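Taking it in order: structure first as structure tokens, then the write-up.
No lab work stands behind these numbers, since they all come straight from the coordinates. All values reported here derive from a predicted model rather than from experimental measurement. In this analysis, Cβ positions are derived from the backbone assuming ideal geometry, glycine residues included, and neighbour counts consider all displayed protein chains.
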Amino acid sequence: MLDKLQAVEDKYIELESQISDPAIMANMAEWQKLTRAHSKLTNIVEKFREYKNVCQGINEAKALLDDKLDDDFREMVTAELSDLKTAEECLATELKVLLLPRDPNDEKNVIIEIRGGAGGDEAALFAGDLFRMYTRYAESRGWKTEVMDANPTELGGFKEVVFVVEGDGAYSTFKYESGVHRVQRVPSTESSGRIHTSTVTVAVLPEAEEVEVDVKANDLRIDTYCASGAGGQHVNKTESAVRITHLPTGIVVQCQDEKSQLKNRDRAMRVLRARLLELAQESQHAEVAEARKSQVGTGDRSERIRTYNFPQGRVTDHRIGLTLHKLDFVLNGDLEELIGALVTADQSERLKQVE
């Protein structure tokens, strides 16, 4: 591990020299590329330097204990040595995590698709709750959200809503949300007070760049139609809504949220590229995923990952066995504790596989 860390620090120093070179600074594109590479290494290099300082402190404390010391001073050095060893263990674990291979999609924007499942109107209402939860969380992180397509219901929920979250590391955060979310509560229309169980499916896709997915024009069938709102009422009389069918895979994407046909087409293509990228990556990594099956689940959309129980005010993530009794806070976008626990569990599982 130390050899790898030293190689990272050497590369960091080399990049530091390059980005301060006037010749490279004159080439803005190259300078920005090197600056991004340098920035990505900063955290691990700072942690490695902290680790080396602690190791040096341990060696110095051990050397002191070899000398003749009075009892009080020896006791103080021994206590300091114990603290340093604890710090060394913690830093070593953090460095192992930082050295784990990164998901190449982690830094990308993310497209989130929420669909009501079993439960009819109640499922659609909860789809709206999840949409608000995610957008509020994104807002708290300073990320931008944009609705790509939506099929609202008259009661205020969504049969389906597709939106993009733009921000550094958006996919690395939201990727753990993919799966089936279950809600248990008494619907507002239920006069007998009986608890209903409904489900909502969440799909999380890294947004694909055009260069990553080759979409041929001949492989597309593009239809336009009049956008409609809840209850089938026409929003406008022009054919601004766009439906794109990818003929080789049968994937269908539609977008009607904008009044401009051009904007709807652009948004639909963004969703299509993301779905095609996901399809390609699922095929490429199927064997690895089957062998791995991390503690936080496979990400399979049919997998029930979380239950939101309104009568008890709790949220339970079934992948890691975590229950939080703060349902209101979670639905208002306070996802830090949940997502943090999922990230930690995933890292722990991956560390076991490399040790």
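General remarks:
- Extension gain for the segment A37 to R136, taken as residue separation times 0.36 nm less the Cα-Cα distance, is 32.6 nm to one decimal.
- DSSP bridge orientation in the chain - percent antiparallel, rounded to nearest 5: 90
- T86-D70 pseudo-label distance in nm [points 7 Å out on the Cα-to-Cβ vector]: 2.7
- Whole-number percent relative contact order across the chain, with pairs defined as alpha carbons under 8 Å at least 6 apart: 15
- Once the Cα-Cα distance is subtracted from the 0.36 nm per residue extended length, the K144 to E337 segment shows a gain of 67.3 nm.
- Calculated FRET efficiency for the pair H318/T245, C-beta based, R₀ 35 Å, to 0.05: 0.50
- Length gained when the stretch K352-A63 is fully extended (0.36 nm per residue, less Cα-Cα span): 100.6 nm
- For region 2-99: Kirkwood Rh in Å [reciprocal of mean 1/r, alpha carbons]: 15.8
- For Rg and Dmax of the Cα atoms in Å, calculated from these coordinates, the label among (i) 25.8, 106; (ii) 25.7, 92; (iii) 43.6, 136: (ii)
- Surrounding net charge for D66, when Lys and Arg each add one and Asp and Glu each subtract one, Cβ distance under 14 Å: +1
- Gaussian network model of the chain, springs between alpha carbon atoms under 10 Å - residue of T197, T93, T145 with greatest fluctuation: T93
- Ellipticity estimate at 222 nm from DSSP helix runs (n ≥ 4, -39,500 (n - 2.57)) divided over the chain, nearest 500: -16000 deg cm²/dmol
- Listed residues A138, A61, A208, most fluctuating in the chain (Gaussian network, C-alpha, under 10 Å): A61
- Among 51-60, 163-172, 17-26, 260-269, sorting by the average number of other beta carbon atoms lying within 10 angstrom of each residue, highest first, gives 163-172, 260-269, 51-60, 17-26.
- Electrostatic dipole magnitude of the chain [Cβ: Lys, Arg +1; Asp, Glu -1; Cα centre; debye, to 20]: 1580
- Total formal charge among the other residues, if their Cβ is under 14 angstrom from that of T153, Lys/Arg +1 and Asp/Glu -1: -3
- Choice from L99, L34, L335 showing the highest fluctuation, given a GNM over the chain with Cα pairs closer than 10 Å: L34
- Packing order of peptides 125-134, 179-188, highest average first: 125-134, 179-188 (average count of other Cβ atoms within 10 Å over each peptide's residues).
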